[in-house]
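**Q** Below you will find the structure I want to go over with you.
Read-outs: derived from the displayed coordinates by stated rules, not from any lab. Since the model is a prediction, treat every value here as computed from it, not as a measurement. A quick note on method: Cβ atoms are made from the backbone with ideal geometry, for glycine too, and the neighbour counts reach across all protein chains shown.
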Amino acid sequence: MPITVTGDVAHLATEHSSYVIELAGSVRLLHWDDAVADDDLAMLSAHPPRPTGLASASLAPSGHTEIVGYGGLDLRSPSFAAEFADGTRSVDLAVAGHRVSGDELIVELTDRVYPLSVQLHYRVRADCDVIERWLVARNTGETDDISLRSCLSADVALPEAGTRVSYLHGAWGGETRLDAVPLPSGRFELDGRGGYTSHRARPWFALDDGHATETAGAVWSASLAWTGSWRLAVERGGDGALHAGIGMHDLDFDYRLSPGESLQTPRVALLYSAAGFGDSSRRWHDYARRHLLRKLPPRPVLYNSWEATAFDVSLDGQTELARRAARIGVELFVVDDGWFVGRTSDHAGLGDWRPDQQKLPGGLDPLISRVRELGMSFGLWVEPEMVNADSELYREHPDWVYHFPTRPRSERRHQLVLNLARDDVADFVYSTLDGLLRAHDISFIKWDFNRPIADAGWPDEPHGNPQRLWVGHVENLYSILERLRAAYPDVLIEACAGGGGRIDLGMIGRTDQVWISDNTDPYDRVELQYGYSQAYPPETMVSWVTDEVSHINGRSSSLEYRFHVSMAGVLGIGADLTGWTEQDFTTAAGLVAQYKDWREIIQHGRQYRIGTVPATDGVRAVQYVADDGARSIIFLYAHGRSFGENSVRVMPAGLDPDRSYRCNGGCFSGRLLAAHGIDLPVRGDTASTAVTLD
Ligand code: DGJ
């Protein structure tokens, strides 16, 4: 049993860790660390962790509570705040009971005065050392509304020794850069606003004592499954105690619960690893694989036309690209933006999801037939939550976008955001996609989202509570994705948001792969992929091989290097194939064939960010090992090599020490390879090598 409750103490046990809470009055975390035995629980409860910092700073016995309600003398940043009908703006919650149901523990808290119940939910994902947490707030009264002003998914106490936080930050073109900073006294905060996950940060962080490495040391991390505005804050009080709140953003948040109504927050997954950042990442990959992603065969090699043609889509142009893509072994041909009426630029067309008959005479079907005849399946780009002011949809339904009647409707990329929280808009979006999938032989959808929500008004919201949109938009997005998946189980969906604006576990759980950045320069991409791998698995990470000279920064790189970078996840091609030489086609066909041979291991094996000698900034190596340890693939990327720097030694990981592996012309034991490494040749500016060990 992953959950045992002894007296007031609940023990949530995963394979390698224990999460122990006390349910007496308030809910307090006693231990989240290496596994403890049930015999230790009484000791933990008798000697709960106490802050070791300035005692005078502890104004209230706040300690390690699992929810920080706003009210009373607890002055920490709250994770939960409410206002009652009589104007009282404080909550006073006490444990009212608990129940265990399989791998789930539900702790019920009720307000001491008002009809408010808050259930803390814990689900144990023992096989990957994850505890999922979320809460359900319910108005149990009969007459008055309760306004929720803050409703995070969880607050969690962290070890005081935690002094460094690692996180993924960035901007458009650089979405998943890994950074690590010393934790300040006070607050470290990350967020995403505008109703989407954002380009500037991912809802994930990892904490360690400043000494954890890729292969050793305790790492506590958290990842939120939410595609709307979110925030997380790690806060250290003057008393030294450290805690983190994570969940839906409370900026402009006001969710009114009418009598009998409830709000369920998104899930946050908490993961503890005693064995460094690499182990932590592999557990995150396992968590996504086992509990969020669909069980699929390896994702197909795709071609995407965006960088080759932009809005200049035509039947002949796309057919020519498809012919060339088929020659190198592409399996899925995706037509990006520009295929629908009015879409000659980003000024018009969004919302009118009918093929442009001038660009595609006869609609989509003639193109789809040609793609199918070439032996590939067909995919299509859509951006269903958006509308251009210059569109039939907007002229017909100007009230369908978020807006305040007295303010200008701000446009980004000439587009406005449809109010997906409205059920009529959600019906329109579902029926549009259902119509496309029903009418055509489409195997793949790329779902884009190119601007944030702004002017977040909803004049006729039926509850008189327009701020519900922050929750309602994402709930309807999720429900559309889930309905589509149920109705069209063979259709793959790729999540995209103007590059990597929607990278989070909520989206990963409802789609099949993610476009992580519009930055397709392979050199930059190595760093983005390195960051992505910290928290998300390789089979969700799409990467395209694009033109020799990157459109984003003008850097040139070899075709082989571009392939080696894109082969480290789901391989895509996005280059203008009409400019390729015969030699390019031969090289590409060979590399695509190699990828197909390797992809089962790349997409479903264990991933290691391995060490190199020398270990310098310009060198990265990533390794994939089949689950049975029989085969492994290593990609080495090295940059700016100087005279005499002709090779790099990589230090393989995860091999079976007693097995023999063929590599570099010899046959060596896993033990020897791990101890001595393998010298791989790499010369030049942007250089790479890929090898197999089998
Ligand atoms: C942004 C995406 O990230 C690109 O890949 C492309 O689909 C464009 N949108 C199309 O408008």
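**Q** For residue 92 and residue 683, what does the FRET efficiency come to when R0 = 56 Å and r is the distance between their Cβ atoms, rounded to the nearest 0.05? Working shown, then result.
**A** Working: r = 68 Å, r/R0 = 1.21.
For R0 = 56 Å, the calculated efficiency reads 0.25.
**Q** Which whole-number percentage describes the relative contact order of region 194-333, with Cα contacts under 8 Å and a sequence gap of 6 or more? Could the numbers behind the result be given before it?
**A** Numbers: 169 pairs, mean separation 31.0, N = 140.
Rounded, it is 22 percent for region 194-333.
**Q** What does the C-alpha gyration tensor say about the overall shape of region 204-312? Classify as rounded when a/c is under 1.5, otherwise prolate if a/b is larger than b/c, or oblate.
**A** Judged from the Cα gyration tensor, region 204-312 comes out oblate (a/c at least 1.5, b/c at or above a/b).
**Q** Could you list 18, 185, 221 in order of exposure, starting from the residue whose Cβ has the fewest other Cβ atoms within 10 Å?
**A** Result, fewest neighbours first: 185, 18, 221.
**Q** If you average the alpha carbon positions of region 468-532 and of region 210-275, how far apart do those two centres end up, in angstrom?
**A** 20
**Q** On to the next question. Count the net charge of all other residues whose Cβ sits under 12 Å from the Cβ of residue 30, scoring Lys and Arg as +1 and Asp and Glu as -1.
**A** Values: positive: 28, 50; negative: 8, 22, 33, 40, 66.
Net charge around residue 30: -3.
**Q** Taking H as built 1.01 Å from N, whose amide H comes closer than 5 Å to the amide H of residue 418, not counting residues under 5 places away?
**A** 386, 387
**Q** Additional query: Lysines near residue 596 by alpha-carbon distance under 19 Å, same-chain residues fewer than 8 away left out - which ones?
**A** Candidates past the 8-residue exclusion: 295.
**Q** Let me ask another. Whole angstrom only: what separates the Cα centroid of region 9-24 from the Cα centroid of region 292-333?
**A** 48
**Q** With each label point set 7 Å from Cα along the Cα-Cβ vector, what nm distance links residue 396 and residue 553?
**A** 4.5
**Q** For a label point 7 Å from the Cα of residue 358 along Cα→C-beta, name the residues of region 312-348 whose backbone N is under 14 Å from it.
**A** 312-315, 339-345, 348
**Q** Among 563, 643, 428, what is the fewest-to-most ranking by other Cβ atoms within 10 Å? It would help to have the intermediate numbers written out before the result.
**A** Values: 563 25, 643 6, 428 19.
Least crowded to most crowded, the residues run 643, 428, 563.
**Q** Can you tell me how the chain classifies by the Cα gyration tensor, rounded, prolate or oblate, using a/c under 1.5 as the rounded cut? Could you put the intermediate results ahead of the total?
**A** Values: a/c = 2.12, a/b = 1.20, b/c = 1.77.
Oblate.
**Q** Quick one: 249, 347, fewest Cβ neighbours within 10 Å first, how do they rank?
**A** Values: 249 20, 347 16.
Fewest to most other Cβ atoms nearby, the residues stand as 347, 249.
**Q** Report the local net charge at residue 573: Lys and Arg +1, Asp and Glu -1, summed over other residues whose C-beta lies under 15 Å from its C-beta. Could the numbers behind the result be given before it?
**A** Values: positive: 299, 323, 324, 327, 446, 525, 562, 596, 599; negative: 307, 320, 331, 336, 494, 547, 548, 560, 576, 584.
Result for the neighbourhood of residue 573: -1.
**Q** If amide H atoms are built 1.01 Å from N in the plane of the peptide, which residues on other chains or at least 5 residues away come under 5 Å of the amide H of residue 497?
**A** Here the answer is 449, 502, since their amide H atoms fall under 5 Å of that of residue 497.
**Q** Would you kindly derive the ³J(HN,Hα) couplings of region 450-464 from the backbone phi angles with the Karplus curve 6.51 cos²θ - 1.76 cosθ + 1.60 (θ = phi - 60°), listing them in order in whole Hz, with x for Gly and Pro?
**A** 9, 7, x, 6, 9, 6, 6, x, 8, x, 9, 4, x, 8, x
**Q** Indicate the gyration tensor shape class of region 490-628 (rounded, prolate or oblate), computed on the Cα atoms with a ≥ b ≥ c the square roots of the eigenvalues: a/c under 1.5 is rounded; otherwise a/b larger than b/c is prolate and the rest oblate.
**A** Numbers: a/c = 1.32, a/b = 1.17, b/c = 1.13.
Judged from the Cα gyration tensor, region 490-628 comes out rounded (a/c under 1.5).
**Q** Would you calculate the separation in nanometres between label points at residue 664 and residue 323, each defined as 7 Å from the Cα along the Cα-to-beta-carbon direction?
**A** 4.6
**Q** Continuing with the same structure: Within the set of other residues whose C-beta is less than 12 Å from the C-beta of residue 429, count the net charge using Lys and Arg as +1 and Asp and Glu as -1. Walk me through the intermediate numbers first.
**A** Numbers: positive: 422, 483; negative: 383, 385, 423, 424, 427, 434.
It works out to a net charge of -4.
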